[in-house]
Amino acid sequence: MEDVIHIFALGGLDESGKDCYVVDINGDLFVVGCGMRYPDKTMPGVDFVIPDLTYLKEHKDRIKGYFLLHGHDDELGALVYIYESAPAPIYGSDVTLAMLHLFARSVKKDHLVFEEHPVAPTSNFVVAGRMIHFFQTAHSIARSSGMAIETSLGHVVFTGDFVVENSADPNYLHDINAIARLAEKKTLVLLSESSYAEKPGYTAPKHRLAPHIDVAVKDAPGRTFCALFSSNFFNIDEVIRIAKDTKKKIIPYDEETSSILKAAQSVNQLMIPKENYAPYEDLNRLREQDIIVLILGAGRELYGKIALLAAGTNETHKCYLKESDTFIMACPGNDNTEIEATDALDELYRSGVKVISLSKKELLKMHASEEDLKMMAALLRPEYFLPVKGFYKDLLANARIVSSMGIGLTHRNICILDDGITAIFDRTGLRTMDEGIPHGNLLIDGTGVGDVGKEVIQDREKLAGGVILIGLTLSKKRKLLLAGPEIEIKGLAYLKETQPLRREVAKLTSAIVDDYFHKRELDLNAMKAEIYEKAVRYLRGRLQMEPLILPLLVEVP
């Protein structure tokens, strides 16, 4: 019997991060990635964004495994929020599973007990009677993989995140031999990452940090501070090698940095030789030119650390920058964190230290550029092609690349999907269908999952525009206003004179209250709603903005 294969994404299409792809083969579900992404500026107060995983909860008995291809949050972060509701075996490298535990601990989910199956980055194993092939890829976190699932129609192949890297380091190996072995059999469909599809050439060697900083670290007259994303093992390893070559000591800046290093070292990664390591307490005991202070973190939180250190206001770390220090900022911002990155950099320049700041054009992330993508497609020569992992422009660029290669890929066998839309493969070929699969965003706010909805986000946005409180004390029984209206205005300090505004809002409120007192039935909820609506209308016209308005009614006998 020929296999029937359904492939769809719960997240990861037309966005950056939140990757979660489901391969349904004859009813068995193979879940590739279960990640999260960080919120953008339209989501105030939100910690993480994960996919709507309702489908996995409703079909938990059919899940044969979660396959985690690397150890970044965009690949595994959502799993900790669904695992109790939809448990299944988890397959990944030792590094990937260690990062899963580190993330679970960071979000206070370390009570979870996962059914883990560590596998080598290049390995073959059987799940639900079906052969799975992992092949190692070179990515910014060690021991990453791509993946192929054997079917009667050919391999279903996920590239994972990769670059064509010729490094001899076994932790960042582009395993061309394993990929070539896969190519000996038919590839039904290739699902290829797309985030750098618009970049010409190869990504390598532009992802390497050492050429930008090794001379500066060697010749630094004082201490060297180096800020890096905690997920970028490749660049952290480069700093460790520089420390070894220059006989300097690495000092972790804070507990988070130490925890990341310990988690990696538990699986023999980011190993710092004893002679090249010193605890934070030795910061003021060692010769300054012998010190590299390593600062690790993610996104806004990392830029916050840098800004506090540069301003000398980090009360938990008695560490102050000096003019003799060199600060390497090897953590370029993205579209969502550009403001925070710029603020941190500005504080660094104000501090007077020597600053080496690398832009996202100078220091590329380890994702596949045009020639990397071509090499993978040329080796595997898939019958069908599904670009994944990226915004729509990236997916489209990836599709254009492979269609230009002359390997038989055209608009007839290249398909750009949306989240929730299914690509169905059987002996007749490919067709797409909307099967009504739930998809979208779930917002993580503190310990709540999905508690923050559109209305809450709108209220938070209004809070940024200020708050106006309208206070009333009244007797419903006597239809008598006992106190108020009291008008409090917060967060509208740009108004030179708020007294006229207070008078107008109070006048408007009093008129509404008086009108309701003359009605036979006094409906306080209706009164409150009308106060709100008319106050919004008035303030929108007066201020050309809409602050949050809170009518507060206190009823007494």
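The one condition from (1) in contact (Cβ under 8 Å) with a residue 40 or more places away in the chain; (2) over 26 Å from the mean Cα position of the chain (by Cα) that residue 429 does not meet is (1). Residues in region 72-86 that are more than 10 Å from the chain's Cα centre (by Cα) and of a type in the set (Asp, Glu): 84 alone. Looking at region 439-456, can you tell me whether even one residue there is at pLDDT below 95, aliphatic (A, V, I, L, M) and either in a helix (DSSP H, G or I) or touching a Cys at 6+ places or on another chain (Cβ under 8 Å) (or both)? Yes, region 439-456 has at least one match. When region 281-299 is filtered for residues that are modelled with pLDDT of 90 or more and either closer than 30 Å to residue 337 by Cα or within 28 Å of the chain's Cα centre (by Cα) (or both), the ones remaining, listed by number, are 291, 292, 293, 294, 295, 296, 297.
Checked against (1) part of a loop (DSSP other than H, G, I, E, B); (2) at pLDDT below 90; (3) charged (D, E, K, R), residue 322 passes all but condition (2). Any residue at all in region 162-173 that is touching a helix residue (DSSP H, G or I) at 6+ places or on another chain (Cβ under 9 Å) and in a helix (DSSP H, G or I)? The answer is yes; a qualifying residue exists. Among the conditions (1) within 26 Å of residue 434 (Cβ to Cβ); (2) in contact (Cβ under 8 Å) with a residue 12 or more places away in the chain, residue 61 misses just one, which is (2).
Out of the residues in region 398-426 that are hydroxyl-bearing (Ser, Thr, Tyr) and outside any loop (DSSP other than H, G, I, E, B), which is farthest from the chain's Cα centre (by Cα)? Checking each candidate, the answer is 403.
Looking only at residues of region 1-38 that are surrounded by 22 or more Cβ atoms within 10 Å (Cβ to Cβ) and over 27 Å from residue 196 (Cα atoms), we find that the one that is nearest to the chain's Cα centre (by Cα) is 29. In the condition set (1) charged (D, E, K, R); (2) outside the structural domain of residue 49 (by TED's automatic domain parsing); (3) surrounded by 17 or more Cβ atoms within 10 Å (Cβ to Cβ), residue 370 is compliant with all but (2). Take the residues of region 169-219 that are among the acidic types (Asp, Glu) and closer than 18 Å to residue 379 by Cα: which is surrounded by the fewest Cβ atoms within 10 Å (Cβ to Cβ)? Top of the filtered list is 184.
For region 325-356, how many residues are farther than 23 Å from residue 239 by Cβ, more than 19 Å from the chain's Cα centre (by Cα) and outside any loop (DSSP other than H, G, I, E, B)?
Here is the first cut: in region 325-356, the residues farther than 23 Å from residue 239 by Cβ are 335-336, 338-339, 342-343, 346, 350, 352.
With the extra rule that they be more than 19 Å from the chain's Cα centre (by Cα), the set shrinks to 342-343, 346, 350, 352.
Filter again for outside any loop (DSSP other than H, G, I, E, B), leaving 342-343, 346, 350.
Selection size over region 325-356: 4.
The values are calculated or read from the model by the stated rules, or taken from the named source; none is laboratory data. Please read these numbers as outputs of a predicted model, since none were measured by experiment. FYI the Cβ positions are ideal-geometry reconstructions off the backbone, even for glycines, and counts take in every protein chain you see.
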